[in-house]
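S.K.: Take a look at this one; I'll ask things after.
The values are calculated or read from the model by the stated rules, or taken from the named source; none is laboratory data. In this text the structure is predicted, and so the values were computed from the model without any measurement. All Cβ positions, glycine included, derive from the backbone under ideal geometry; neighbour counts span all protein chains shown. Surface accessibility is based on the protein's heavy atoms, side chains included, excluding ligands, DNA and RNA. Shrake-Rupley method; radii C 1.70, N 1.55, O 1.52, S 1.80 Å.
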Amino acid sequence: MPWKNAVRSRSDALMSIAFCVACGLLDGAVPLRRLEDPNADDVRALIERISVEPDPGLEENEAVVEADGARAAGRAEDILFPSWT
């Protein structure tokens, strides 16, 4: 789904799963400098490629992240720093 709405504030950015995933992929974390310009071209371009899909089978703090055929799944602490193969 295209990223149609610009992020208006730091809190908007931090509440956006797609934004946080994009920062994680670009920077390995969500650095404070990204919050100064959350609509930067590189972040927005990556957000356009991210698909966030709810899964009722997952617990509240669980997620699955897939990128280029690699997959990390589990609780937040398990996927914050995945070891991509």
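S.K.: Provide the per residue accessible area, probe 1.4 Å, for the range 1-76, rounded to a whole number of square angstrom. Before the final figure, lay out the partial values.
M.R.: Numbers: 5430 Å² over 76 residues.
Here the residues of the range 1-76 average 71 Å² of exposed surface.
S.K.: Let me ask you something else. Rank-order 26-32, 13-19, 45-51 by packing density, defined as the average count of other C-beta atoms within 10 Å over each peptide's residues, highest first. Please list the in-between numbers first.
M.R.: On the way: 26-32: 12.6, 13-19: 16.9, 45-51: 14.6.
Packing order, densest peptide first, comes out as 13-19, 45-51, 26-32.
S.K.: Cα convex hull of the range 13-60: mean projected area in nm², to one decimal?
M.R.: 3.7 nm²
S.K.: If the chain between Arg71 and Ile17 were fully stretched, how many nm would it gain, using 0.36 nm times the residue separation less the Cα-Cα distance?
M.R.: On the way: separation 54, 0.36 × 54 = 19.44 nm, distance 1.70 nm.
Between Arg71 and Ile17, full extension yields 17.7 nm more.
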